Amino acid sequence: MYEIFEVSLPTGETLKGCHWKAKKATRNLVMQTGMNEHASRYDGLATYLTEAGINVWILDAFGQGENAASVEEQERWPEGAFAKNVDAMHLQLEKVKKETGLPTIIMGHSMGSFMTQSYVERYPGTADKVVLFGTNGPTKIYGLAKALGKMLVSKKNWDKPNKTLSNLALGGFTKAIKNRNPEFEGLDWLSYNEDNIRAYIADPYCGHVNTGGFLREFFIGLATLYKKENIARIDKKTPIRIMAGEEDPVGANGKGPRDLEKMYKKHGVKDVSLILYKNMRHEIHNENGKEKVWEDLKEFLLA
């Protein structure tokens with residue numbers, strides 16, 4: 001069972017998420033979800049972690065889950081939303097760390113992993129550990145995507161679905177999987193676990209077509225991640241764990257996570273570790289064999 005929590009931003013905006021409370025907590029975990037999904041999808045993993053003594057708070061981004069007023073209003077982002085989502089992660093982390101006095105870890109999956117990459121640049125040294133799930137590393141395409149987003153999106157089409165930018169963001173992942181099952185609507189890249197894909201498709205709060213404003217702001221956020229001046233701010237003492245599927249097209253089948261690990265090591269981060277899981281795609285926490293992923297995550301959080 002989980003409770004809904006809220007984070008109030010200095011702008012007056014509010015973001016919500018789901019909280020799972022451990023009976024005898026020794027750690028806190030504050031997490032951000034991926035694109036086109038919601039916090040309550042993590043009920044199984046969060047419950048598993050609470051049983052190990054880890055309090056879990058999972059934020060929904062703007063326009064997702066608890067922050068979408070209706071199915072039709074999903075994926076609507078205000079200007080500056082990427083940074084605001086990161087700010088919400090920080091505010092929640094600082095709040096629970098102060099209230100509980102416990103070590104607190106920051107984590108993100110997919111879209112949330114990029115927000116977490118931004119977090120360690122903007123709020124260095126505030127998290128006790130960092131976890132990146134289903135992520136990618138430096139690539140030149142983010143700058144191009146940012147330019148296209150600014151070119152194709154205006155106030156007139158801000159909240160309207162944008163298939164051109166959506167295809168740029170996600171189309172390559174679909175094409176990366178050969179022998180796709182027509183039943184899965186191009187979502188085979190999420191996982192080998194067919195029940196997981198079916199549940200995702202059946203969920204009205206998953207898989208909504210992205211709006212132009214959402215993608216414009218997301219691409220702007222991505223384009224900040226690998227600038228030298230931002231990387232230079234990362235705290236070298238904070239342990240970072242990267243976890244991804246070896247067949248995840250989001251990370252170019254392992255290349256992206258490896259490049260990210262190299263980048264952090266080159267910067268001088270003392271404790272960077274990478275686990276690539278064979279026979280797994282993007283949602284490693286929902287994949288066939290997820291038990292191993294859950295166990296590895298738990299051990300890192302408790303170490």
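The values are calculated or read from the model by the stated rules, or taken from the named source; none is laboratory data. Since we're looking at a predicted model, the values are computed, not measured. Every residue, glycine among them, receives a Cβ derived from its backbone with ideal geometry; neighbour counts consider all protein chains shown.
Summary table
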item: Which numbered condition Thr135 misses (of (1) surrounded by 18 or more Cβ atoms within 10 Å (Cβ to Cβ); (2) assigned to a helix (DSSP H, G or I); (3) polar (S, T, N, Q)); result: (2)
item: Qualifying residue in region 275-286 (condition: surrounded by fewer than 16 Cβ atoms within 10 Å (Cβ to Cβ), at pLDDT 95 or above and among the basic types (Lys, Arg)); result: yes
item: Elements of type strands (runs of 3 or more DSSP E) contained in region 8-109, each with 2 or more residues being surrounded by fewer than 21 Cβ atoms within 10 Å (Cβ to Cβ); result: 14-20
item: Matching residues in region 193-219 - criterion: being in a helix (DSSP H, G or I), farther than 22 Å from Arg281 by Cα and over 16 Å from the mean Cα position of the chain (by Cα); result: Gly212, Gly213, Arg216
item: Matching residues, region 239-292, being closer than 27 Å to Asp188 by Cβ, in contact (Cβ under 8 Å) with a residue 40 or more places away in the chain and aliphatic (A, V, I, L, M); result: Ile242, Met243, Ala244, Val250, Ala252, Leu260, Met280, Ile284
item: Some residue of region 178-185 being acidic (Asp, Glu), part of a loop (DSSP other than H, G, I, E, B) and surrounded by 15 or more Cβ atoms within 10 Å (Cβ to Cβ); result: no
item: Cβ-Cβ under 8 Å pairs, at least 6 apart or on other chains, region 220-237 side free of Cβ contacts under 8 Å to residues at least 24 places away in the same chain, far side assigned to a helix (DSSP H, G or I); result: none
item: Hits in region 41-57 (condition: of a type outside the set (Ser, Thr, Tyr) and free of Cβ contacts under 8 Å to residues at least 60 places away in the same chain); result: Asp43, Gly44, Ala46, Glu51, Asn55, Val56, Trp57
